[in-house]
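Peer 1: What follows is a structure written as structure tokens; I'll ask about it next.
Every number here is computed from the coordinates shown, using simple stated rules; none is lab data. Just so we're clear, the structure is a prediction, and the values are computed from it rather than from any experiment. All Cβ positions, glycine included, derive from the backbone under ideal geometry; neighbour counts span all protein chains shown.
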Amino acid sequence: MKTDVYIAGDCVFSPLGIGSHLNFERLIDGESALVPIKNPDLSDHQLHAARIDDAQWKGKIRNSPYYTRLESLFIRTIEALLQAHSIPPDERTLVLLSTTKGNISLLHSPHTSFHGDRVYLPEMGKQIQNYFGFSHRPLVISNACISGALALAVARQLLQYNDGYDHAIVVGGDELSRFIVSGFEAFQALSNERCRPFDRDRNGLNLGEAIAAAYLTKKPADGAVRILSSASFNDANHISGPSRTGEGLYRSIREALRLAGNPPIDFISAHGTATVYNDEMEAIALDRCGLSEVPIHSLKAYYGHTLGASGLLESVLGIHSLRANRLIPSLGFEHPGTTRPLRPIATPVERPLRTFLKTASGFGGCNIALIFEKV
Amino acid sequence: MESLYIQSFCTLRNGTIRLNGEPIYGTSENTPVDDFLRSAYRQLHVDYPKFHKMDVLCKATFLATELMARDAGPYPTDTALIFANRSSSYSSDEKHATGIYATQNPGASPATFVYTLPNIAMGEISIRHQLHSENVFFIFDSYLPEFLVPYTATALYDKQVREGLCGWTEVTATLCDVLMYRVGRSGSMAHTVTNLKRLYNDHE
């Protein structure tokens, strides 16, 4: 018999601050973490991006100099989550890390003193395991831009079928680096102003960084949200371009809805990177699922695209939206700009909320849909 | 949960490709990995022009997948893909990083950058075999059938899919250590940790 799995706690560490409630409040106030950044370590050009300030993490963990910048960000976020929920680091606790590139900023970087092995993701997992004394080595998932949302789905499946685990910690994160920035620049995917998801004048994405963490349990604690269903399908179409028909995303949403028993959906937390083709693909997939009329937001104009964190970060903020019965506006949207209609949320209205759909899509043609319900 | 079986398996290691344990292609152990994969492609009469654009991780997993299709037939469209390795997409990471930090004409190429994600290998296979299914790429310190076997069993049961295409896919510019296998609901070799350890260790 499959057990239900709940999200009983969460934490977000972003340029807007540490704490998921604090981050939610900032979004309701309309604050964006995106700013012009001129940093020769990241790019020769000025970027519009969201970066965590050094003062927010430096010296805030034990033996700080021993850990890389990204490891420090992960550790600080996990520490806050463990303390808030008194989670034991024992063998009943499963730990999943989702990241696209981990410590890749160290690779061939002229400025690093860390051992070359640290760019391998299992090494990063080992550092985090040792810091907290976790019984299990963290499982690492690296699936492009759906990594964070997929890690939630995988953790749920592992808890549902494995009596050996009582609960799980799922943590997603990536940091800005020259490695990543130069790649997106080469794709000409970056916007030089704050991005505009789903808008007529959208012209590309912004990169950002954040760490998001969720605490999954098999018991419905106070204020917990149940993961009703998840489904993931590949487009089988192109390794870097979104499908013209939104096939994989369409199948993911349709299957997630079916598995959840077709509940009414109160809002959609979309991927919405603000590239021309991605947002168009999402509009097509949602229209095919009959969801064009559902209020929708993308959070990319607040945080930028946070890669391996994004699916998890946006799920956590969606959960806060459910709890507060308040919709988060889709910042950056003004004029409709997709061939199929959408209903981006304009203001942070209060209304009873029970269920939302989270979607994500990524390079390699992967897509995922998750449905969350307040208990 | 129903019993599952290993229906076909393929290893690429030390310049040799074996299908269900039988060597079907061999070159010198010291052949660079990319040369080994390219000559195998030619010798085994695979015809798929996109192969030449792929990085070594994609080439190796593509070949293994292709050979198992010849052996055990086409993949059902819902085949779940579950891969794992240690170095993620290191060969492409290295190439991209070398380009951006080059002292002369530094720069990034989209054709390289797109391969700096390990799950691209699953994307290539999905396109080739028209698989609309779940893809999960795990990163482990070493080959870990103790995790993959029960994970695959629950994934197939949970998603009610017929087959899984799984494997340990550790490929860098200098090392090719691949064991891929098809898991399904019929066959003669049980999908167990013991069998998967044996298949991996038999050809060390």
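Peer 1: With angles folded into 0 to 90 degrees, how steeply does helix B:33-43 sit against the dominant principal axis of chain B? Use alpha carbons for both and round to 10.
Peer 2: Approximately 60 degrees, to the nearest ten.
Peer 1: Which whole-number percent is the relative contact order of the stretch B:11-58 (Cα, under 8 Å, 6+ apart)?
Peer 2: Numbers: 36 pairs, mean separation 12.1, N = 48.
Relative CO of the stretch B:11-58 lands at 25 percent.
Peer 1: Looking at the stretch A:53-128, which trypsin sites (Lys or Arg not before Pro) are in a loop (DSSP not H, G, I, E or B) and have at most 16 other Cβ atoms within 10 Å?
Peer 2: Details: sites: A:58, A:60, A:62, A:69, A:76, A:92, A:101, A:118, A:126; in loops: A:58, A:60, A:62, A:92, A:101.
Of the trypsin sites (Lys or Arg not before Pro), the ones in loops of the stretch A:53-128 whose Cβ has at most 16 other Cβ atoms within 10 Å are A:58, A:60, A:62, A:92.
Peer 1: What is the sum of charges, Lys and Arg at +1 and Asp and Glu at -1, for the other residues whose Cβ falls under 12 Å from the Cβ of residue B:157? The partial results should precede the final answer.
Peer 2: Numbers: positive: A:2, B:159, B:162, B:185; negative: B:2, B:158.
Around residue B:157, the charge tally is +2.
Peer 1: List the lysines whose Cα lies under 26 Å from the Cα of residue A:2, skipping any in the same chain that are fewer than 8 positions away.
Peer 2: Leaving aside lysines fewer than 8 places away in the same chain, those within reach of residue A:2 are A:218, A:219, A:358, A:374, B:159.
Peer 1: Further question on the same structure: Add -39500 (n - 2.57) for each DSSP H run of 4 or more in the protein assembly as shown, then divide by its residues: what number comes out at 222 nm, to the nearest 500 deg cm²/dmol? Don't skip to the answer; put the middle values down first.
Peer 2: On the way: 16 runs with 184 residues, N = 579.
Theoretical 222 nm ellipticity from helices: -9500 deg cm²/dmol.
Peer 1: With a 10 Å Cβ neighbour count serving as the proxy for reagent exposure, in which order, fewest first, do A:27, A:291, B:57 appear?
Peer 2: Numbers: A:27 23, A:291 18, B:57 29.
By the 10 Å Cβ count, ascending, the order reads A:291, A:27, B:57.
Peer 1: Roughly what % antiparallel, to the nearest 5, for the DSSP beta bridges in chain A? Don't jump to the answer; show the numbers that get you there.
Peer 2: Details: 39 of 59 bridges.
Around 65 percent antiparallel, to the nearest 5.
Peer 1: Another question, if that's okay. In whole angstrom, how far apart do the alpha carbon centroids of the stretch B:72-147 and the stretch A:265-325 sit?
Peer 2: 26
Peer 1: Under a Cβ-Cβ cut-off of 12 Å, what is the net charge of the residues other than residue B:85 that fall near it, where Lys and Arg count +1 and Asp and Glu count -1?
Peer 2: Details: positive: B:86; negative: B:141, B:170, B:177.
Residues close to residue B:85 contribute a combined charge of -2.
Peer 1: Classify the stretch A:1-78 from the C-alpha gyration tensor, please: rounded if a/c falls under 1.5, else prolate or oblate depending on whether a/b exceeds b/c. Present the calculation step by step, with values, prior to reporting the outcome.
Peer 2: Details: a/c = 2.16, a/b = 1.37, b/c = 1.57.
Note, shape of the stretch A:1-78 comes out oblate.
Peer 1: Can you sort A:284, A:253 from fewest to most other Cβ atoms within 10 Å of each residue's own Cβ? Before the final figure, lay out each step's value.
Peer 2: Details: A:284 22, A:253 29.
The most exposed by this proxy come first: A:284, A:253.
Peer 1: What does DSSP give for the stretch B:5-201 in terms of the percent of beta bridges that are antiparallel, rounded to the nearest 5? Can you show the working numbers first?
Peer 2: Numbers: 26 of 36 bridges.
Of the beta bridges lying entirely in the stretch B:5-201, close to 70 percent run antiparallel.
Peer 1: Specify the angular offset, from 0 to 90 degrees and rounded to the nearest 10, of the alpha carbon long axis of helix B:56-72 from the longest principal axis of the alpha carbons in chain B.
Peer 2: Result, in degrees: 30.
Peer 1: If a/c stays under 1.5 just call it rounded; otherwise compare a/b with b/c (prolate if a/b is bigger, oblate if not). Do that for the protein assembly as shown, with a ≥ b ≥ c from the square roots of the Cα gyration tensor eigenvalues.
Peer 2: rounded
Peer 1: Okay, next question. Please name whichever of A:230, A:283, A:141 sits farthest to the positive end of the charge dipole of chain A, dipole taken about the Cα centre and charges placed at Cβ: Lys and Arg +1, Asp and Glu -1.
Peer 2: A:230
Peer 1: Exposure proxy check: A:240, A:252, A:20 ranked by fewest other beta carbons within 10 Å? Don't jump to the answer; show the numbers that get you there.
Peer 2: On the way: A:240 19, A:252 30, A:20 24.
Going from sparsest to densest Cβ surroundings: A:240, A:20, A:252.
Peer 1: Next question. Putting +1 on Lys and Arg Cβ atoms and -1 on Asp and Glu Cβ atoms, find which of A:324, A:304, A:271 reaches farthest to the positive end of the dipole of the stretch A:270-359.
Peer 2: In the stretch A:270-359, that residue is A:324.
Peer 1: Given +1 on the Cβ of Lys and Arg, -1 on the Cβ of Asp and Glu, and no further charges, what dipole in debye does the protein assembly as shown carry about its Cα centre, rounded to the nearest 20? Could you put the intermediate results ahead of the total?
Peer 2: Values: 54 positive and 60 negative charges, 120 e Å.
The calculated dipole for the protein assembly as shown is roughly 580 debye.
Peer 1: Take residue B:39 and residue A:29, extend 7 Å from each Cα along the Cα→Cβ direction, and tell me the distance between the two endpoints in nm.
Peer 2: Spacing of the two 7 Å Cα→Cβ label points: 6.6 nm.
Peer 1: Top mean-square fluctuation among A:86, A:298, A:361, Gaussian network model of chain A, C-alpha springs under 10 Å?
Peer 2: The residue with the greatest mean-square fluctuation here is A:86.
Peer 1: Which whole-number percent is the relative contact order of chain B (Cα, under 8 Å, 6+ apart)? Mind dumping the intermediate values first?
Peer 2: On the way: 354 pairs, mean separation 70.9, N = 204.
Rounded, it is 35 percent for chain B.
Peer 1: Something else now. Are there any GluC sites (Glu not before Pro) in the stretch A:1-108 that are in a DSSP loop and have at most 16 other Cβ atoms within 10 Å? List them by number.
Peer 2: A:31, A:91
Peer 1: Sticking with this structure for a sec: With an 8 Å cut-off on Cα pairs and a minimum separation of 6 or more residues, tell me the relative contact order of the stretch A:218-271 in percent. List each step's numbers first, then the result.
Peer 2: Numbers: 33 pairs, mean separation 19.1, N = 54.
The value is 35 percent.
Peer 1: Right, here's the next one. Rounded to the nearest 5, what is the percent of antiparallel bridges among the DSSP beta bridges in the stretch A:225-374?
Peer 2: Numbers: 16 of 23 bridges.
Roughly 70 percent of the beta bridges in the stretch A:225-374 run antiparallel, per DSSP.
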